[in-house]
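See structure below.
The values are calculated or read from the model by the stated rules, or taken from the named source; none is laboratory data. Computed from a predicted model, the values in this text were never measured in an experiment. Here the Cβ positions follow ideal geometry from the backbone for every residue, glycine too, while neighbour counts run over all protein chains shown. Note: accessible area is taken over every heavy atom of the protein model, side chains too, but ligands, DNA and RNA are not part of it. Shrake-Rupley method; radii C 1.70, N 1.55, O 1.52, S 1.80 Å.
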Amino acid sequence: MQVYNPLHDPLRDSIPGINQHYSPTYWVATAGTPPPNNGSIQGDIDVDVVIVGSGATGIATSLYLAQEHGIQAIILEANQSAWGCSSRNGGQGQNASGRLSRSQWIERWGLDTAKKLDKEIRMGFDNFAQLTTEIECEATPGGHLYIAHRPDKLAYLQHEADVKHKIFGYNPKILTKAEIKERYCDDHDAHGAMLEEEGIGIHPLKFNFGMLKKAQALGVKIYTGSPVTESKVINGIHHLYTPNGVLRAKRVAFCTGGYTGQNLNGALKNKLLPVLSNSIVTRPLTSSEIAATQFHSHVFITDTRKLRFYYRLLKDNRLQIGSRSAVIGSDASNPKHYQLLLDGLARKFPPLAGIKIDYSWWGWVDMSHDMMPRIIKPNPENNLWYALGYGGNGVSFSTWAGKRLAQRIAGKDHSEPAFSLPIYTSQLEYPNLFGKIKSELFAPFRRLGQALLYKWYWLKDEII
């Protein structure tokens, strides 16, 4: 019998469950029947390549391994296909990955590396854009509207727009409050905005089901209900232990995102901070409600809060809105986190105060401690890779990460200049103290630090 445990916490639970049902998201309710799978692992198997995790990264990795390198991988999934973030996210495909802006790339790595990283991220976005034309996923091009939720945030947006235009060659536009109202919506929080032309909203589960079908047509197999409870290397062969059998693999890639358990693999222990994100979807808006909120567009929107809201009008005229919420899994169902979204919705769009909510869910985001993703082989002597750490900005880049990860697994990453970038050369790091001292000793205090940081962010967002 399939169950659903909404209070799962990756820092507490060794696995995300066994054959659990999907989270009750809008995406699950409207995606249609999942592609057939191969059931759970039964008995011991010797294989070439195993991918752990069937989210966008894992599916894309298997697709590109088969399509470009002739390698048919096996995907192991603890629960259902695309069960984790890939069926719970906001579907916002941005020209970005990780939490750092392009101006922060320059500060951290210098102008030359920042330009090369921009080229890589842009190639990933373009690849994602092409996939959205091949897969029916309710793609909504039109860009990303970045709302200044306070007047003092306009200077920040202007600075980012200048950096993107003058240094990286983009053409962002700064919009007034009146222009936002005229062209997009009457967001009462808005004091202006930056419009980035590069952005595509999608139905994420339809997208991932579509990618999986393409991979399966090339011979990829996916085994659901098969969590990896332990992994070890014996005589150079990876042994992945599942409840009903052991996979002995020559090559392994971990693509488990925010659902990466502490005991999954030593290379990943204490290297991520899983962060919860909540989302709600309203009933369909009436024509009078559309007129009252002045929605003219389905372009997706985020605001400048540190604890940002992300929202958009879906194609069936429902409004989706999400934000950060609880710190620990056991608190995820606390009504105050649901109320935060209701309050945010009412503040931004007063005519929708009290509107019926048809869907509510939450899920884990894979946040790296330095806010940037990694696609890396942590030990040169070990045929093990991971691709993680998108920080909530993985909808588009996860597919490119899968493509790059497939190159690495196939041994085709030696002459590609992009593989000299920091996201491909440095490992995920331990937590740090004051941005300087990194140590596993700080790991037990991550949640405390996160709770204090959320308090500070709230003050910065709303008061100071």
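Worth a mention:
- Residues of region 101-116 include none that is under 30 Å from His21 (Cα atoms), touching a residue at least 12 places away in the same chain (Cβ under 8 Å), open to solvent by 10 Å² or more (accessible area, probe 1.4 Å) and not in a helix (DSSP H, G or I).
- In region 278-322, the residue that is surrounded by the fewest Cβ atoms within 10 Å (Cβ to Cβ) out of those that are more than 16 Å from Lys356 (Cβ to Cβ) and free of Cβ contacts under 8 Å to residues at least 12 places away in the same chain is Ser287.
- Annotation note: Cβ proximity below 7 Å between a residue of region 331-344 that is farther than 14 Å from Leu7 by Cβ and a residue that is aromatic (Phe, Trp, Tyr) and buried (at least 18 other Cβ atoms within 10 Å of the Cβ) (sequence gap 6+ or interchain) occurs for Gly344/Phe309.
- Condition check for Ala401 on (1) more than 30 Å from His191 (Cα to Cα); (2) open to solvent by less than 10 Å² (accessible area, probe 1.4 Å); (3) in a loop (DSSP other than H, G, I, E, B); (4) of a type in the set (Gly, Ala, Ser): one failure, at (3).
- Filtered residues of region 262-297 (kept if under 30 Å from Pro335 (Cβ atoms), assigned to a loop (DSSP other than H, G, I, E, B) and at pLDDT 95 or above): Arg283, Pro284, Leu285, Thr286, Phe295
- Taken over region 421-447, residues that are open to solvent by 30 Å² or more (accessible area, probe 1.4 Å) and not hydroxyl-bearing (Ser, Thr, Tyr) amount to 15.
- The number of residues in region 194-219 being of a type in the set (Gly, Ala, Ser) and either within 16 Å of Ser297 (Cα to Cα) or surrounded by 24 or more Cβ atoms within 10 Å (Cβ to Cβ) (or both) comes to 3.
- Restricting attention to region 1-21, the residues that are closer than 19 Å to Gly245 by Cα and either of a type in the set (Ser, Thr, Tyr) or not in a loop (DSSP other than H, G, I, E, B) (or both) total 1.
- Meets criteria (open to solvent by 10 Å² or more (accessible area, probe 1.4 Å), touching a residue at least 60 places away in the same chain (Cβ under 8 Å) and farther than 30 Å from Tyr241 by Cα) for Gly91: no
- In region 220-260, the residues that are of a type in the set (Val, Ile, Thr), surrounded by fewer than 21 Cβ atoms within 10 Å (Cβ to Cβ) and under 20 Å from Ile71 (Cα atoms): Ile237
- Restricting region 22-32 to residues that are touching a helix residue (DSSP H, G or I) at 6+ places or on another chain (Cβ under 9 Å) and part of a loop (DSSP other than H, G, I, E, B), the residue that is surrounded by the fewest Cβ atoms within 10 Å (Cβ to Cβ): Gly32
- Any hit, region 347-370, residues being over 20 Å from Ser279 (Cα atoms), touching a His at 6+ places or on another chain (Cβ under 7 Å) and assigned to a helix (DSSP H, G or I): no
- For region 210-220, the count of residues that are in a strand (DSSP E or B), under 28 Å from Gly43 (Cα atoms) and in contact with a helix residue (DSSP H, G or I) (Cβ under 9 Å, 6 or more places away or on another chain) is zero.
- Criterion applied to Ala418, Ala451 was being over 30 Å from Trp27 (Cα atoms) and either among the aliphatic types (A, V, I, L, M) or open to solvent by 70 Å² or more (accessible area, probe 1.4 Å) (or both), and the one residue passing it is Ala418.
- Some residue of region 405-417 being of a type outside the set (S, T, N, Q), out of contact with any Cys (no Cβ under 6 Å at 6 or more places or on another chain), closer than 30 Å to Ala292 by Cβ and part of a helix (DSSP H, G or I): no
- Options Ser360, Ser333; residue that is over 22 Å from Arg150 (Cβ atoms), modelled with pLDDT under 95 and surrounded by fewer than 20 Cβ atoms within 10 Å (Cβ to Cβ): Ser333
- Of all residues in region 129-177, those that are free of Cβ contacts under 8 Å to residues at least 60 places away in the same chain, part of a strand (DSSP E or B) and aliphatic (A, V, I, L, M) total 2.
- Any chance Leu340 is in contact with a Ser or Thr (Cβ under 7 Å, 6 or more places away or on another chain) and part of a helix (DSSP H, G or I): yes
- Matching option when the condition is assigned to a loop (DSSP other than H, G, I, E, B), of a type outside the set (A, V, I, L, M) and more than 12 Å from the chain's Cα centre (by Cα), among Asn379, Asn393: Asn379
- If you go through region 50-72 and pick out every residue that is surrounded by fewer than 23 Cβ atoms within 10 Å (Cβ to Cβ) and in contact (Cβ under 8 Å) with a residue 24 or more places away in the chain, you end up with 6.
- For region 399-453, the candidate set comprises residues that are in contact with a strand residue (DSSP E or B) (Cβ under 8 Å, 6 or more places away or on another chain) and under 24 Å from Arg305 (Cα atoms); within that set, the residue that is modelled with the lowest pLDDT is Asn432.
- Restricting region 151-193 to residues that are under 30 Å from Ala353 (Cβ atoms), open to solvent by 30 Å² or more (accessible area, probe 1.4 Å) and among the hydrophobic types (A, V, I, L, M, F, W, C), the residue that is farthest from the chain's Cα centre (by Cα): Ala178
- Flag for Ala139 being among the small types (Gly, Ala, Ser) and under 26 Å from the mean Cα position of the chain (by Cα): yes
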